[in-house]
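The values are calculated or read from the model by the stated rules, or taken from the named source; none is laboratory data. Just so it is clear, the structure is predicted and the values come from calculations on it, not from any experiment. Note that each Cβ is placed from the backbone with ideal geometry, even for glycine, and that neighbours are counted across all protein chains shown. Side chains included, ligands, DNA and RNA excluded: accessible areas come from the protein's heavy atoms. Shrake-Rupley method; radii C 1.70, N 1.55, O 1.52, S 1.80 Å.
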Amino acid sequence: EVASRIPAAPHVVLGHELLDNLPFRLVRGDAEILVDVAGDRFVEVRAPLRDVWPGGAHHHGDEERIVPVGAIALIEELADVMGRGYALFVDYGGEHGGGPVHGYRDHRVVADLLARPGSTDITAGVDFGALAAAAVEHGLQAFPTRTQLEALAALGFEDWMRGELATQGALLNEGKGMDAVQRWAGRSRASILVSPEQLGRLRWLVLASPGLPRPSFMAGS
(Lines give C-alpha, C1' and ligand atoms only; values in the text may rest on other atoms or scores of the structure.)
Protein backbone atom coordinates (compact mmCIF):
# COMPACT_ATOMS: atom_id res chain seq x y z
CA GLU A 1 0.00 0.00 0.00
CA VAL A 2 2.89 2.38 0.65
CA ALA A 3 5.28 1.21 -2.07
CA SER A 4 4.14 3.91 -4.49
CA ARG A 5 4.99 6.59 -1.93
CA ILE A 6 8.54 5.42 -1.20
CA PRO A 7 11.03 8.00 -2.57
CA ALA A 8 13.49 6.94 -5.21
CA ALA A 9 16.31 6.29 -2.71
CA PRO A 10 17.43 5.31 -0.20
CA HIS A 11 15.15 2.61 1.17
CA VAL A 12 15.22 0.99 4.60
CA VAL A 13 12.66 -1.79 5.04
CA LEU A 14 12.01 -3.49 8.39
CA GLY A 15 9.91 -6.62 8.77
CA HIS A 16 9.66 -7.77 12.40
CA GLU A 17 7.94 -11.15 12.81
CA LEU A 18 6.21 -10.52 9.49
CA LEU A 19 7.38 -13.44 7.36
CA ASP A 20 5.83 -16.15 9.54
CA ASN A 21 2.44 -14.46 9.17
CA LEU A 22 2.37 -14.80 5.37
CA PRO A 23 0.66 -17.66 3.50
CA PHE A 24 2.54 -20.91 3.01
CA ARG A 25 1.85 -24.28 1.45
CA LEU A 26 2.45 -27.57 3.23
CA VAL A 27 4.14 -30.54 1.54
CA ARG A 28 4.26 -33.92 3.26
CA GLY A 29 6.17 -36.65 1.50
CA ASP A 30 5.09 -36.61 -2.15
CA ALA A 31 1.78 -34.80 -1.60
CA GLU A 32 0.50 -31.33 -0.82
CA ILE A 33 -1.69 -31.08 2.28
CA LEU A 34 -4.95 -29.20 1.73
CA VAL A 35 -7.96 -28.56 3.95
CA ASP A 36 -11.44 -29.94 3.29
CA VAL A 37 -14.70 -30.22 5.21
CA ALA A 38 -16.01 -33.44 6.73
CA GLY A 39 -19.30 -33.05 8.54
CA ASP A 40 -18.98 -30.06 10.84
CA ARG A 41 -15.20 -29.79 10.96
CA PHE A 42 -12.11 -29.17 8.83
CA VAL A 43 -9.85 -32.12 7.95
CA GLU A 44 -6.55 -32.59 6.16
CA VAL A 45 -6.54 -34.17 2.70
CA ARG A 46 -3.63 -35.17 0.48
CA ALA A 47 -3.43 -33.88 -3.08
CA PRO A 48 -0.95 -34.65 -5.87
CA LEU A 49 2.12 -32.46 -5.63
CA ARG A 50 2.00 -29.77 -8.29
CA ASP A 51 4.41 -26.85 -8.62
CA VAL A 52 5.24 -26.18 -5.00
CA TRP A 53 8.43 -28.21 -4.58
CA PRO A 54 11.60 -26.55 -5.91
CA GLY A 55 13.00 -28.53 -8.79
CA GLY A 56 10.04 -30.88 -8.77
CA ALA A 57 11.78 -33.26 -6.39
CA HIS A 58 9.61 -35.60 -4.34
CA HIS A 59 10.49 -36.83 -0.87
CA HIS A 60 9.85 -40.16 0.75
CA GLY A 61 7.85 -41.06 3.79
CA ASP A 62 6.07 -38.32 5.67
CA GLU A 63 8.86 -35.76 5.61
CA GLU A 64 7.19 -32.37 5.99
CA ARG A 65 8.31 -29.13 4.40
CA ILE A 66 6.90 -25.63 4.25
CA VAL A 67 6.84 -23.77 0.93
CA PRO A 68 6.80 -20.06 1.89
CA VAL A 69 4.93 -18.78 -1.15
CA GLY A 70 3.76 -15.58 0.56
CA ALA A 71 7.21 -14.65 1.85
CA ILE A 72 8.83 -15.37 -1.50
CA ALA A 73 6.24 -13.17 -3.23
CA LEU A 74 7.09 -10.38 -0.78
CA ILE A 75 10.81 -10.73 -1.56
CA GLU A 76 10.09 -10.60 -5.29
CA GLU A 77 8.02 -7.43 -4.86
CA LEU A 78 10.71 -5.91 -2.66
CA ALA A 79 13.29 -6.51 -5.38
CA ASP A 80 11.08 -4.55 -7.80
CA VAL A 81 10.51 -1.50 -5.56
CA MET A 82 13.72 -1.17 -3.56
CA GLY A 83 15.90 1.06 -5.70
CA ARG A 84 18.86 1.38 -3.34
CA GLY A 85 18.86 0.30 0.28
CA TYR A 86 18.57 -2.45 2.83
CA ALA A 87 15.84 -4.69 4.19
CA LEU A 88 16.05 -6.34 7.60
CA PHE A 89 13.73 -9.24 8.45
CA VAL A 90 13.64 -10.58 12.01
CA ASP A 91 11.80 -13.83 12.62
CA TYR A 92 11.94 -17.39 13.95
CA GLY A 93 13.28 -20.04 11.60
CA GLY A 94 16.40 -21.63 10.17
CA GLU A 95 18.82 -21.57 7.27
CA HIS A 96 17.66 -24.91 5.86
CA GLY A 97 13.95 -25.28 6.42
CA GLY A 98 11.99 -23.24 8.89
CA GLY A 99 10.37 -25.89 11.03
CA PRO A 100 6.99 -27.62 11.29
CA VAL A 101 3.56 -26.04 11.22
CA HIS A 102 2.37 -25.20 14.72
CA GLY A 103 -0.26 -23.12 16.44
CA TYR A 104 -0.88 -21.05 19.54
CA ARG A 105 -3.99 -20.07 21.45
CA ASP A 106 -3.84 -18.04 24.67
CA HIS A 107 -0.03 -18.34 24.59
CA ARG A 108 -0.21 -22.14 24.61
CA VAL A 109 0.68 -24.65 21.90
CA VAL A 110 -2.37 -26.08 20.11
CA ALA A 111 -2.33 -29.73 19.07
CA ASP A 112 -5.25 -29.70 16.60
CA LEU A 113 -4.69 -26.76 14.25
CA LEU A 114 -8.01 -27.22 12.45
CA ALA A 115 -10.21 -27.19 15.56
CA ARG A 116 -12.04 -23.99 16.48
CA PRO A 117 -11.17 -22.13 13.23
CA GLY A 118 -10.30 -18.49 13.70
CA SER A 119 -9.16 -18.94 17.30
CA THR A 120 -5.64 -20.29 16.64
CA ASP A 121 -2.54 -18.48 15.43
CA ILE A 122 -1.26 -20.96 12.83
CA THR A 123 2.32 -20.40 11.75
CA ALA A 124 5.57 -22.05 10.71
CA GLY A 125 9.22 -21.17 11.12
CA VAL A 126 10.76 -19.17 8.28
CA ASP A 127 13.01 -20.90 5.74
CA PHE A 128 15.62 -18.16 5.47
CA GLY A 129 17.66 -20.17 2.97
CA ALA A 130 14.77 -20.27 0.52
CA LEU A 131 14.14 -16.54 0.93
CA ALA A 132 17.81 -15.69 0.46
CA ALA A 133 17.86 -17.77 -2.74
CA ALA A 134 14.75 -15.95 -4.00
CA ALA A 135 16.34 -12.58 -3.20
CA VAL A 136 19.53 -13.42 -5.11
CA GLU A 137 17.52 -14.76 -8.04
CA HIS A 138 15.78 -11.37 -8.29
CA GLY A 139 18.94 -9.29 -8.13
CA LEU A 140 19.34 -8.53 -4.41
CA GLN A 141 22.20 -9.37 -2.11
CA ALA A 142 21.42 -11.75 0.76
CA PHE A 143 23.86 -11.87 3.65
CA PRO A 144 24.14 -14.93 5.93
CA THR A 145 21.70 -14.72 8.81
CA ARG A 146 22.69 -14.18 12.43
CA THR A 147 20.79 -14.83 15.61
CA GLN A 148 19.47 -11.81 17.45
CA LEU A 149 21.89 -12.66 20.25
CA GLU A 150 24.82 -12.41 17.82
CA ALA A 151 23.55 -9.27 16.09
CA LEU A 152 22.83 -7.35 19.29
CA ALA A 153 26.18 -8.39 20.73
CA ALA A 154 27.88 -6.94 17.65
CA LEU A 155 25.86 -3.73 18.11
CA GLY A 156 27.24 -3.27 21.63
CA PHE A 157 24.52 -4.78 23.79
CA GLU A 158 26.94 -5.83 26.53
CA ASP A 159 28.47 -2.34 26.69
CA TRP A 160 24.98 -0.90 27.06
CA MET A 161 24.15 -3.34 29.86
CA ARG A 162 27.36 -2.46 31.72
CA GLY A 163 26.56 1.23 31.33
CA GLU A 164 23.08 0.70 32.74
CA LEU A 165 24.53 -1.23 35.67
CA ALA A 166 27.00 1.57 36.41
CA THR A 167 24.19 4.13 36.26
CA GLN A 168 22.12 1.98 38.61
CA GLY A 169 24.98 1.93 41.12
CA ALA A 170 25.46 5.68 40.86
CA LEU A 171 21.78 6.29 41.48
CA LEU A 172 21.91 4.09 44.57
CA ASN A 173 24.90 6.05 45.88
CA GLU A 174 22.92 9.25 45.37
CA GLY A 175 20.01 7.87 47.37
CA LYS A 176 17.74 7.63 44.31
CA GLY A 177 16.45 4.16 45.03
CA MET A 178 13.36 4.27 42.83
CA ASP A 179 15.36 5.45 39.83
CA ALA A 180 17.88 2.67 40.46
CA VAL A 181 15.09 0.08 40.59
CA GLN A 182 13.78 1.35 37.24
CA ARG A 183 17.25 0.90 35.72
CA TRP A 184 17.42 -2.64 37.11
CA ALA A 185 13.97 -3.44 35.70
CA GLY A 186 15.01 -2.10 32.30
CA ARG A 187 18.10 -4.33 32.25
CA SER A 188 16.00 -7.31 33.29
CA ARG A 189 13.54 -6.75 30.45
CA ALA A 190 16.33 -6.14 27.94
CA SER A 191 18.02 -9.43 28.84
CA ILE A 192 15.08 -11.27 27.25
CA LEU A 193 16.17 -9.84 23.88
CA VAL A 194 19.39 -11.88 23.92
CA SER A 195 18.31 -14.96 25.87
CA PRO A 196 18.92 -18.09 23.71
CA GLU A 197 15.74 -19.62 25.13
CA GLN A 198 13.67 -16.52 24.35
CA LEU A 199 14.05 -13.70 21.82
CA GLY A 200 17.77 -14.25 21.36
CA ARG A 201 17.03 -17.17 19.03
CA LEU A 202 15.27 -14.93 16.50
CA ARG A 203 17.22 -14.74 13.24
CA TRP A 204 18.11 -11.58 11.35
CA LEU A 205 18.18 -11.63 7.54
CA VAL A 206 19.59 -8.59 5.75
CA LEU A 207 18.98 -8.02 2.04
CA ALA A 208 20.52 -5.19 0.07
CA SER A 209 20.51 -3.72 -3.39
CA PRO A 210 23.62 -4.50 -5.48
CA GLY A 211 26.88 -2.82 -4.52
CA LEU A 212 26.04 -1.97 -0.91
CA PRO A 213 28.38 -3.33 1.82
CA ARG A 214 27.42 -5.88 4.40
CA PRO A 215 26.40 -4.18 7.67
CA SER A 216 29.09 -4.66 10.31
CA PHE A 217 26.66 -6.29 12.76
CA MET A 218 25.95 -9.01 10.19
CA ALA A 219 29.59 -9.99 9.74
CA GLY A 220 30.51 -13.50 10.79
CA SER A 221 32.06 -14.09 14.20
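Screening residue 122 on (1) modelled with pLDDT of 90 or more; (2) of a type in the set (Val, Ile, Thr); (3) open to solvent by 40 Å² or more (accessible area, probe 1.4 Å) shows it passes everything except condition (1). Number of residues in region 202-218 that are under 15 Å from residue 147 (Cα atoms) and exposed (fewer than 14 other Cβ atoms within 10 Å of the Cβ) equals 1. Residue-level analysis places residue 35 among those that are farther than 20 Å from residue 134 by Cβ, under 26 Å from the mean Cα position of the chain (by Cα) and either open to solvent by 70 Å² or more (accessible area, probe 1.4 Å) or at pLDDT 90 or above (or both).
All of 194, 110, 181 fail the test of being among the β-branched types (Val, Ile, Thr) and in contact with a strand residue (DSSP E or B) (Cβ under 8 Å, 6 or more places away or on another chain), apart from 110. Out of all the residues in region 73-96, which are modelled with pLDDT under 90, under 17 Å from the mean Cα position of the chain (by Cα) and open to solvent by 50 Å² or more (accessible area, probe 1.4 Å)? Selection gives 95, 96. Being hydrophobic (A, V, I, L, M, F, W, C) and modelled with pLDDT under 80, is that true of even one residue in region 57-72? Yes: one or more hits.
Can you spot a residue in region 174-194 that is assigned to a loop (DSSP other than H, G, I, E, B), open to solvent by 70 Å² or more (accessible area, probe 1.4 Å) and either of a type in the set (S, T, N, Q) or within 16 Å of residue 132 (Cα to Cα) (or both)? Before you say what the answer is, go through the steps one by one.
Within region 174-194, the first condition is being assigned to a loop (DSSP other than H, G, I, E, B), and the residues that meet it are 174-176.
With open to solvent by 70 Å² or more (accessible area, probe 1.4 Å) added as a condition, the list becomes 174, 176.
Those left that are additionally either of a type in the set (S, T, N, Q) or within 16 Å of residue 132 (Cα to Cα) (or both): none.
No, region 174-194 has no match at all.
Selection of region 129-143 for residues being surrounded by 16 or more Cβ atoms within 10 Å (Cβ to Cβ), out of contact with any Ser or Thr (no Cβ under 9 Å at 6 or more places or on another chain) and not in a helix (DSSP H, G or I) yields 142, 143.
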